[in-house]
């Protein structure tokens, strides 16, 4: 019988990779919490119409990439391909837009596309959204927060910030019309992908990687020429805040976001460390989206980052953390010793909850168990044998350095282990009786 494999492009995350995932997710969410953002836990499945109305019916995501199906009631549902639409739906449904608020979400997203490094069919995002603030300081805070995150992760020098303004919805629509007119007259000179986008999402042609298309765009109408005064002022304010906080940036007039709901300031953090997958985090303002999805007019701005891609960046920059070793490894030989070991280890955990303690399961000889204890990287081994069990004692064996192996009463275990694991300048040697002396 053939074994069942995971779905192509939907991968298991195994140790030690899962440790790296936890590290990154914890770092991002802790920083978001520090800035006052609160978590939204959103469904994986949403009504298909949510994405058709927000992302745009003629986008590649909706037309080609979504996992869409009918449920038993005949309703069309889709696995979420991105998080902002769901966050806005939740904000409207639960009246979160009645007051300004900061929120974040995290979890898997789904798009049916060709799997490659840094791009899978099930991928994971962390996103942040701000509702109710029309002022450019909200845009700037989201960018400043990310700059701090890159510094904390040790990759600040390998990422750079690109920003642009798309203007108001009206300005963007006017520019789109001018761009389509210009490129339509030169349709045969466009690459195949850009010809298709000319009908569905022409602004995406601006970030085409095709050299011939880029050369053609050199004389295309400029988005900047179509910006309204309010968008110009907001963009200038964002840049002023970035200048004041010392964050370097490049204004990229070709930077557009692929989703229809963006307006005004947009941004991307890019890197040269990941080849073609160079965008680590991107976002922008979407002031019309809440109203577009049925809520009252509410300004919004946010970003999303790809977890897989950021892990690749941390790996390229050699910033992935080592898998932590336990502080203590517990060994038992014999049934009576096993009972004492369980009781002793749980008592030690109760008294020292900060310690990481690993306990050998399945028994084995003292020699084989000590090999496993040493391999674990633990600094101290606790050994229970028949004699220790009969006397209510435990043998404490330092596994690193030149410390002396001791057998002590169980009552002395917690203070002894605490002293053995203390920093060197706080260390107190412990005599065989369990009493301490300098």
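No value in this document is a laboratory result; all are computed from the given coordinates. On a predicted model such as this, the values are computed, not experimentally measured, just so you know. Virtual Cβ from ideal backbone geometry, glycine too; neighbours counted across all protein chains shown.
General remarks:
- Using the rule -39500 (n - 2.57) for each DSSP H run of four or more residues, divided by the residues of the chain, the 222 nm mean residue ellipticity is -11000 deg cm²/dmol.
- Compared with the rule-of-thumb size 2.2 N^0.38 Å for a compact globular protein, the stretch 306-385 has a Cα radius of gyration ratio of 1.44.
- Extension gain, residue 229 back to residue 93 (0.36 nm per residue minus Cα-Cα distance, nm): 45.6 nm
- Reported to the nearest whole Å, the Cα centre-to-centre distance from the stretch 243-312 to the stretch 146-200 is 11.
- In plain terms, the bigger the Kirkwood radius, the slower the diffusion; for the chain, with that radius from Cα pairs, at 10 °C and 1.306 mPa s, Stokes-Einstein puts D at 62 µm²/s.
- Segment residue 152..residue 45, full-extension length gain: 35.2 nm, with 0.36 nm per residue of separation and the alpha-carbon distance subtracted.
- Residue order, fewest to most beta carbons within 10 Å, for 126, 247, 366: 366, 247, 126
- Relative contact order of the stretch 1-89, pairs being alpha-carbon contacts under 8 Å that are 6 or more residues apart, as %: 25
- Among 381, 30, 316, residue whose mean-square fluctuation peaks in a GNM of the chain (springs only between Cα atoms under 10 Å): 381
- Treating each Cα of the stretch 187-272 as one equal point scatterer and applying the Debye formula with no solvent, the log10 of I(q)/I(0) at q = 0.17, 0.18, 0.20, 0.24 Å⁻¹ comes out as -0.84, -0.92, -1.07, -1.30.
- With respect to the chain, whose longest principal axis is taken over its alpha-carbon atoms, helix 366-376 is tilted by about 30°.
- Between helix 229-244 and the chain: long-axis angle, C-alpha atoms, 0 to 90°, nearest 10: 30
- Footprinting exposure proxy ranking of 243, 228, 374, fewest other C-beta atoms within 10 angstrom first, gives 243, 374, 228.
- Length, then width, then depth: along the principal axes, the Cα atoms of the stretch 1-132 run 56, 41, 26 Å.
- Packing-based exposure ordering (other Cβ within 10 Å, fewest first) of 29, 250: 250, 29
- Using alpha-carbon coordinates, inclination of helix 136-153 to the longest axis of the chain, degrees: 40
- Considering only the chain, percent of DSSP beta bridges that pair antiparallel, nearest 5: 80
- Quotient of the Cα radius of gyration of the stretch 328-437 and 2.2 N^0.38 Å, N being its number of residues: 0.98.
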